[in-house]
Amino acid sequence: MEPELAAAYERCRQLHRRHGRTYYLATRLLPAWKRPHVHALYGFTRYADEIVDSTDDLPPAVRAARLREWSDRFVAGLHGARVDDPLLPAVLHTIERFAMDRADFASFLRSMAMDLEVTEYADYGDLLGYMEGSAAVIGTMMLPILEPADADVAREPARQLGLAFQLTNFLRDVGEDLQRGRIYLPQCDLRTFGVSPAELYQAAACGTATTAIRELVRYEITRAREHYAAAAPGVTMLAPTSQACIRTAFHLYGGILDEIERADLDVFARRATVPTRRRLQVAARCLLTPAGTPIATSRAPERAS
């Protein structure tokens, strides 16, 4: 591997290790040759997200221009241009290596651009439109690396897992998103539970969720678990060497919902995280689980001891 390409893959790995602890741990359970390609996809999504979210001191127009410039550089690379970028060579190499659907990457970049313009979503259908690009396509991007027996059949479970992970993140990060002026919980759901945007901001400032907000969170957790249930059959569709990784990610992200419930549904009191000891237990258990073992979607058998 050329030094420039090797350096790009290493840059992606570092981004993954620093910012995606849960998924990085799961990726460690993949065969060594697959891991760099997962790091490359993570690096692509993370870097775009950093342009949008890690430069909050810059006006939206400036961030939008930076995202367009980086996106144009990426598209030029897809068409064979030599790209001067710290991580895009790895991304482009991975796309070519696995003949990935370029439309998934275009859809992702569209959703990133939406974050610079859209701050709330009227209903879950509208939110799903955003999540199609921000989450569902990440599941389908991963499929060629995970080597399902039938990619067409595995596509929908992969999409559902991306949606499950994204909704889990939204629930965990309600407070952080409010700091950026965004509300990813659908406005119609807020009204159903008698919660106004102003009440969300006040609860975040106080560090305590009201009873109405807790009931709203309970409802969204139920919705997230529906996505997990729809995704579960997809794990056993993957190559045996890929199943431990996705099984681990499935349980660890689902474990964040358990932690929110353990905190009495108060997403403002603290950031819900799965403790390190439990994370390692889950990874070890999933590594030892025979390939082809279905994932039970009932909660009790899936919680680490």
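With n ≥ 4 as the cut-off for DSSP H runs, can you work out [θ] at 222 nm for the chain, using -39500 (n - 2.57) per run divided by the number of residues, rounded to the nearest 500? Please list the in-between numbers first.
Values: 16 runs with 209 residues, N = 305.
It comes out at -21500 deg cm²/dmol, rounded to the nearest 500.
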Item checked: Paired Rg and Dmax values of region 1-62, which use every Cα atom, in angstrom -> 13.5, 42
Next item on the list: For the chain, report the accessible area per residue in Å² (1.4 Å probe, heavy atoms, rounded to an integer).
Entry: 45 Å²
Note to self: Using a Gaussian network model on the chain with a 10 Å cutoff between Cα atoms, which of Arg73, Arg277, Arg155 fluctuates the most?
What the structure shows: Arg277
Notebook entry, point to check: When the accessible area of the chain is computed with all protein chains present and a 1.4 Å probe, what percentage of it is carbon and sulfur?
Noted result: 54 percent
Next item on the list: Find the centroid of the Cα atoms in region 156-199 and in region 1-19, then give the distance between the two in whole Å.
Entry: 31 Å
Note to self: Could you give each residue of region 219-224 its phi-based ³J(HN,Hα) in whole Hz, using Karplus coefficients 6.51, -1.76, 1.60 with θ = phi - 60°, and x for Gly or Pro?
What the structure shows: 5, 5, 5, 4, 5, 4
Next item on the list: Would you mind telling me which residue in Pro290, Pro186, Pro36 has the biggest mean-square fluctuation in a Gaussian network model of the chain, where springs connect alpha carbons within a distance under 10 angstrom?
Entry: Pro290
Checklist line | region 69-204: proportion of alpha-carbon pairs further apart than 19 angstrom, % | finding: 58 percent
Next item on the list: Grab the beta carbon distance between Arg110 and Glu147, set R0 = 41 Å, and tell me the FRET efficiency rounded to 0.05.
Entry: 0.90
Item checked: For region 98-158, fraction of C-alpha pairs farther apart than 18 Å, in % -> 40 percent
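Would you kindly give the portion of the calculated P(r) for region 185-305 that falls above 22 Å, as a percent of all Cα pairs? Don't jump to the answer; show the numbers that get you there.
Numbers: 3121 of 7260 pairs.
The answer is 43 percent, as a whole percent.
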Notebook entry, point to check: Distance in nm between label sites at Thr208 and Leu287, each 7 Å beyond Cα in the beta-carbon direction?
Noted result: 4.3 nm
Next item on the list: Could you list the residues of region 220-248 with an amide nitrogen less than 20 Å from a label point located 7 Å from the Cα of Glu120 in the Cα-to-C-beta direction?
Entry: 220-221
Next item on the list: Sticking with the crude label model, points 7 Å out along Cα→Cβ, report the distance from Phe98 to Leu128 in nm, one decimal please.
Entry: 2.5 nm
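The values are calculated or read from the model by the stated rules, or taken from the named source; none is laboratory data. All of these numbers come straight from a predicted model, not from anything done at the bench. In this analysis, Cβ positions are derived from the backbone assuming ideal geometry, glycine residues included, and neighbour counts consider all displayed protein chains. Heads up: the accessible areas ignore ligands, DNA and RNA and are worked out on the full protein's heavy atoms, side chains in. Shrake-Rupley method; radii C 1.70, N 1.55, O 1.52, S 1.80 Å.
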